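Here's the structure, in structure tokens; my notes come after.
The values are calculated or read from the model by the stated rules, or taken from the named source; none is laboratory data. Everything quoted here is computed from the prediction, not taken from an experiment. Areas reflect the complete protein model, heavy atoms only, side chains present, ligands, DNA and RNA absent. Shrake-Rupley method; radii C 1.70, N 1.55, O 1.52, S 1.80 Å.
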Amino acid sequence: MTPAQESASQLSKKLRVLVAKVGLDGHDRGVKIVARALRDAGIEVIYLGIHNTPAEIAASALQEDADAIGLSIHSAAHMTLFGDVIKHLKANNANDIVVFGGGIVPEEDISKLQRMGVKRIFTPGAPLEEIVRFVKSIGVETRKARGDRRRSLASSPPPTLLRKRRNKPKST
């Protein structure tokens, strides 16, 4: 397959978005509603669930060949956790994966997050159509950038960020 054919094939595939709860936050109703809206709009959604570390999220996005990562947060740790996800992506030459988020984020932190690399923050009450429109708008640009990254990293080993969690024995 020629590079042009590979690029055309990539662009015709479904848009893939990984959504997750980052950190110790367990409130997952909003992220599930967003995941369903994206799925209903024809976007492939990979839902990681709750209590994910930034390293797990970045590694999963790379392994799943995601176009974007949608993070949901209600724990007030957004500055640290979103920043850590972005750092892990950069460490793996994955700047083309768009990071966006939603949840409880104070207005004054939104511009700080955007300077860190978060493309968009959706606060409570954001219309689902707006989120879907945003995600669909990032698809083509991301696919082109990913094709370039994939070609340049073809001989690189897979990301090593993801480690299995060890269950600690329960004390009796």
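If the convex hull of the alpha-carbon atoms of the stretch 7-77 is projected onto planes in all directions, what is the mean projected area in square nanometres?
Values: hull surface 19.2 nm².
Convex hull of Cα atoms, orientation-averaged projection: 4.8 nm².
What pairs in LYS32/LYS119; LYS32/LYS87; LYS87/LYS112; LYS90/LYS112; LYS14/LYS119; LYS90/LYS119 have C-alpha atoms more than 22 Å from each other? Please report the intermediate quantities before stating the final value.
Details: LYS32/LYS119 20 Å; LYS32/LYS87 25 Å; LYS87/LYS112 15 Å; LYS90/LYS112 18 Å; LYS14/LYS119 20 Å; LYS90/LYS119 15 Å.
Those over the limit are LYS32/LYS87.
Roughly how many percent of the accessible protein surface of the stretch 59-122 is carbon and sulfur, given a 1.4 Å probe and a whole-percent answer?
Values: 1310 of 2700 Å².
In the stretch 59-122, the share of accessible area belonging to carbon and sulfur is 48 percent.
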- Message: Given 10 °C and 1.306 mPa s, compute D for the stretch 71-120 with the Stokes-Einstein relation, Rh being the Kirkwood radius over Cα pairs; round to the nearest whole µm²/s.
- Response: 145 µm²/s
